[in-house]
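Comments concern the structure below.
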Amino acid sequence: MEYNFREIEPKWQKEWAERKTYKVETDHSRPKYYVLDMFPYPSGAGLHVGHPLGYIASDIYTRYKRLCGFNVLHPMGFDSFGLPAEQYAIQTGQHPAITTAQNIARYREQLDKLGFSYDWDRMVQTSDPEYYKWTQWAFLKMFDSYYDYDRRQARPISELTALLSSTGTAGLNAACSEKLELTAEEWNAADERRKQEILLNYRLAYRADTTVNWCEALGTVLANDEVVNGLSVRGGYPVVQKRMKQWLLRVSAYAERLLEGMEKLEWSESLKEIQRNWIGRSVGAQVFFGIKDSDHKLEIFTTRPDTIFGSTFMVIAPEHDLVPELTAPAQRKQVEDYLEETKKRSERERMADTKRVSGVFTGSYAVNPFNGKELPVYISDYVLAGYGTGAIMAVPAHDSRDYAFARHFGLDIIPVVEGGDIATASYDAKEGRMINSEFLDGLDVKEAIERMFREIESRGLGKRQVNYRLRDAIFSRQRYWGEPFPIYYKDDTAYPLTEEELPLRLPEISDFRPTSSGEPPLARAKEWHTKEGYPYETSTMPGFAGSSAYYFRYMDPHNDKELVSREANEYWRSVDLYIGGIEHATGHLIYSRFWNKFLYDTGYVAEDEPFRKLVNQGMIQGRSNFVYRINGTNKFVSLGLKDGYDTQPLHVDVNIVRNDILDTEAFRRWRPEFADAEFILEDGKYVCGWAVEKMSKSMYNVVNPDYIVENYGADTMRMYEMFLGPLEQSKPWDTNGIDGVAKFLRRFWRLFFDKDGSLRVSDDKATAKELKTLHKTIKKISEDIENFSFNTSVSAFMICLNELGDCNKREILEPLLVLLAPFAPHITEELWHQLGHDSTIFDARYPAFDPNMLVENSFEYPVSVNGKMRFKKELPLGMSASEAEAAVLSDPQMEKYTEGKQVRKVIVVPGKIINVVI
RNA sequence: GCUCGGAUGGUGGAAUAGGUAGACACGCGGGACUUAAAAUCCCGUGGGCAGAGAUGUCCGUACGGGUUCGAUUCCCGUUCCGAGUACCA
């Protein structure tokens, strides 16, 4: 009987589904383990060979953990709200729900063919009302909460109103959009509308007029992580800054906890670094500068208070609140022109010419609180309204941007730290000795900073302050295919629906097109309003809403009373292993952590971090093939000969190329214009060139997993993807090497069956050598799986097979089957049953490693002379270092290398090497 | 610009509390079986030099230094590649 994967694989996939082999229940008698994949967005293109990489790794780990006795939760679902389905709907008029359902069915089919151990009974879909009910629910909870910095947690808004009505804002240390000063009397006297306005200033989900990233082409606003280089991540359309009323989540309130929480997580340093940079904590000083002939104070933020004596002017952002107050009548025209000009520049233009210096003088002067010097106040767009206070003290000698500005406007440049040369450039480094700075002179920069913090605070000029780069997340999108907000408006004031009214279902509409005015498509649903006729919010939630807490839903997916029951949550707690792409570092992985911490604060969930260990699989790139057409002809020249001709490389479909040899007949059939192509061959073959590129249709390098499964089988596909290289590394897909893995599985099968198809497994006792091979492999495979080094474990299986020869002993083969089962579940399940077992191999016990099996009584030492390898010497184990030394020095081979010279010393490293130094 | 990561045969990659560099696999070359092909099996395969040959010998982990008996691994500098971020004061 030959290994026939085409028969075995569908057979077991069907059995597993029917027997519900992978069904998981809460089970307090076993330790739990939660393995999660980042769920996919079901795109119309289906899966390519790169997508399953992480799923295969997580499936191997899941099955391994299960064999080790854990109760493993390993679910899968679909992130089914989103832009592409909606874009498709706009083009074709087909409802996104229909295309989404089709795409999901296709994904299911492709995933099932790979033999994953998902408990499909727990599947979730973010666009399912039964699911998004809980997304809306969480939003309502955030709407009903504020963040108390003193207690470092979210609290119900009712506590805030109680506080406001008894003591006002006195002593209140809460996250807010704008600092308010309010007495209890003022609060109590305020009308309903005003009260709601005040509360919005504190709610964790709030609505505000803010500068947003507006994407005209997509007709929607975007969050910071959805915009790269002034272009939308989806589609690459230009994005401009616009002021609009939007819903936001007060993520910034959690900045410090998001930073601290990372410390105990098992995430890669590089991922943590990305999040740290994104959160962008910086310690500095808040300082108030007086304004000459005015009562106004200008509040600035600086991380370099030590350079305050080098400040020669001030700069405020064009959007700064004090712009009108600080603009002198004589300057009004220039200032207005400048504001008009900056408004017109798109974000992208602004980024493109960061070198261009622009700005305008307000006509006002600020006063340096330390030396009374008058500093002209400028407006410039190199100062951002959204960071710090939107105003800076400019120190041109020690900040390159201030330097460029000063040079452009001919302003003074006063060095206050030794080390640079202000004639050519600013000196930005935080080291050196202070000069020109009165009481700071002679101090080191670091000492000077500390000294200034104390001075500023003791003189009452300001205080030490921590600033974060992390902004609140804009939460509304002017699109159709997303979660509706459970919000309605009464007198333009937002009110929440009650929990009982959830889910608020997405209404049917026929025209999904966005509008350039920013009015969402949902506004076309004229019949869509509350019982009393109040209109609903018509924007929808962004993509990250549905993916922020989905891992809770898997714990208890059919619960219609709660997001997750207390019991299920306390058992499964949080995700132990999360596998997915690094591209979510500043999006999903921040939002989820925020969302989780919020739910933790409110007491709904047991853990404050969602993903304990996280592994980022690398991207699988495409490996493109090229043919070389001689210019002006339909002749193609092989790679090795192309230099003799004037050629142009053309992409060729990788599916008609094997081991870089072109199938010339298939090439002629490929496209009509190549039907009469001629070839200049080398050694009778046409050799193609190749390059690593993104996997994409236009480069003809897309490999479909269905094709691999059809031709090699799922087990081979799984093992080969792992064999390709380290999981976390990006690497090109190259079908060329797959034969090695296919050959391994065929050879493995032949250990169990004769040529005539009869089972050849015997109950004879295994030899010491065979047992040694087995236990060496158990040790290696277990360590590799724990380290996610799956490529080396595949190698270890191959080495094991090479060493075993044609061993047919049950004592060896049975444990080996279990070891291999996580990687190749179908073939091992089949052989397991062939060996006479009734239940699934995944109910077996993982084989125990016995170190005694590896014990040797001698060791072959490599002997080196002056660090250079010379010969090998077999020595009994347990020999003392001096005995080993004597044995090596008396070896006849030694003479050749010592050549009569004195041996200075001998270094014996037990179990490793013996080095003789002459 | 700043931050982080990387560089090993024709190819993917293995080996780092410093200890036989190139495991395993692909590809390639040679051979066996076969009418033939596929499949399978065996041998060789980093480079140079010497030798008929077993073998010997030198060089070799991007480049230049250093520490060490010994460096792919540690330290300093350089080059190139990749990722993140970008007027964040």
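Here is how the numbers come out for the structure above:
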quantity: Where labels lie 7 Å past Cα in the beta-carbon direction, separation of A:Asp763 and A:Ala425 in nm; calculated: 8.1 nm
quantity: Cleavage-rule hits, GluC sites (Glu not before Pro), segment A:754-807, DSSP coil, Cβ neighbours within 10 Å at most 15; calculated: none
quantity: Using a Förster distance of 25 Å, the FRET efficiency for A:Ala170-A:Lys297 (Cβ separation, nearest 0.05); calculated: 0.75
quantity: Amide H partners (placed H, <5 Å) of A:Thr647, local residues excluded; calculated: A:Asn631
quantity: Rel. contact order, % - alpha carbon contacts under 8 angstrom, at least six apart, chain A; calculated: 13 percent
quantity: Centroid-to-centroid separation of segment A:62-118 and segment A:202-271 [C-alpha atoms, Å]; calculated: 26 Å
quantity: Sorted peptide list for A:829-842, A:75-88, A:329-342, criterion being average Cβ within 10 angstrom, highest first; calculated: A:75-88, A:829-842, A:329-342
quantity: For chain A: accessible area per residue (Å², 1.4 Å); calculated: 45 Å²
quantity: Segment A:Glu856-A:Glu899, extension gain: residue separation times 0.36 nm, minus the distance between their alpha carbons; calculated: 12.1 nm
quantity: In sequence order, calculated HN-Hα J values of segment A:900-908 (Karplus, 6.51, -1.76, 1.60; Hz; x Gly/Pro); calculated: x, 6, 5, 7, 7, 7, 10, 9, 10
quantity: Virtual spin-label span in nm between A:Lys531 and A:Glu18, 7 Å along Cα→Cβ; calculated: 5.1 nm
quantity: Semi-axis lengths, Å, segment A:418-533, gyration tensor of Cα atoms, sqrt of 5 times eigenvalues; calculated: 59, 20, 11
quantity: Alpha-carbon centroid distance for the pair segment A:286-342 / segment A:646-711, whole angstrom; calculated: 63 Å
quantity: Anisotropy class of segment A:531-620 from Cα gyration tensor, a/c 1.5 cut; calculated: oblate
quantity: Stretchable slack from A:Arg845 to A:Glu197, in nm (0.36 nm times residue separation minus alpha-carbon distance); calculated: 227.1 nm
quantity: Residues with amide H under 5 Å from that of A:Phe679, placed H, sequence gap 5 or more; calculated: A:Phe636
quantity: Net length gained if the chain between A:Arg433 and A:Asp412 were fully extended (0.36 nm per residue, minus Cα distance); calculated: 5.5 nm
quantity: Helix-only CD estimate at 222 nm, as mean residue ellipticity for chain A, using -39500 (n - 2.57) per DSSP H run (n ≥ 4); calculated: -10000 deg cm²/dmol
quantity: Inter-part distance where segment A:784-862 and segment A:892-912 are each reduced to a Cα centre, Å; calculated: 41 Å
quantity: Label-reachable residues, segment A:451-489, where backbone N falls under 19 Å from a point 7 Å from A:Ala523's Cα toward its Cβ; calculated: A:475-489
quantity: P(r) tail fraction, chain A - alpha-carbon pairs more than 46 Å apart, %; calculated: 46 percent
quantity: Cα-based reach from A:Lys373 at 17 Å (exclusive), listing lysines while leaving out same-chain residues under 8 positions away; calculated: A:Lys292, A:Lys297
quantity: FRET efficiency, 1/(1 + (r/R0)^6) with R0 22 Å, evaluated for A:Ser282 and A:Glu450 via beta carbons; calculated: 0.90
quantity: Probe 1.4 Å - accessible area at A:Tyr468, Å² to nearest ten; calculated: 60 Å²
quantity: Apportionment of accessible area to carbon and sulfur, chain A, percent (1.4 Å); calculated: 49 percent
quantity: Antiparallel bridges, percent of DSSP beta bridges restricted to chain A (to nearest 5); calculated: 80 percent
quantity: Theoretical FRET efficiency, 1/(1+(r/R0)^6), r = Cβ-Cβ of A:Leu889 and A:Glu266, R0 51 Å, to 0.05; calculated: 0.55
quantity: Sparse-neighbour loop sites [trypsin sites (Lys or Arg not before Pro); segment A:824-906; at most 14 other C-beta within 10 Å; DSSP]; calculated: A:Arg845, A:Lys901, A:Arg904
quantity: From phi via Karplus (6.51, -1.76, 1.60), per-residue ³J(HN,Hα) for segment A:817-832 in Hz, x at Gly/Pro; calculated: 4, 5, 4, 7, 3, x, 7, 10, x, 6, 5, 6, 4, 4, 5, 4
quantity: Mean Cβ count within 10 Å, highest first, over the residues of peptides A:665-672, A:221-228; calculated: A:221-228, A:665-672
quantity: Shape call, segment A:567-646: gyration tensor on alpha carbons, a/c limit 1.5; calculated: prolate
quantity: In nm, spacing of pseudo-spin labels at A:Thr26 and A:Ile913 (7 Å Cα→C-beta vector); calculated: 5.7 nm
quantity: Where Rh is the Kirkwood radius over Cα pairs, Rg/Rh for segment A:483-558; calculated: 1.01
quantity: Mean Cβ count within 10 Å, highest first, over the residues of peptides A:205-215, A:365-375; calculated: A:205-215, A:365-375
quantity: Anisotropy class of segment A:800-918 from Cα gyration tensor, a/c 1.5 cut; calculated: prolate
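The values are calculated or read from the model by the stated rules, or taken from the named source; none is laboratory data. Just so it is clear, the structure is predicted and the values come from calculations on it, not from any experiment. With ideal geometry, Cβ positions are generated from the backbone for all residues, glycine too; neighbour counts draw on all protein chains shown. Keep in mind that these areas ignore ligands, DNA and RNA; they rest on the heavy atoms of the full protein, side chains included. Shrake-Rupley method; radii C 1.70, N 1.55, O 1.52, S 1.80 Å.
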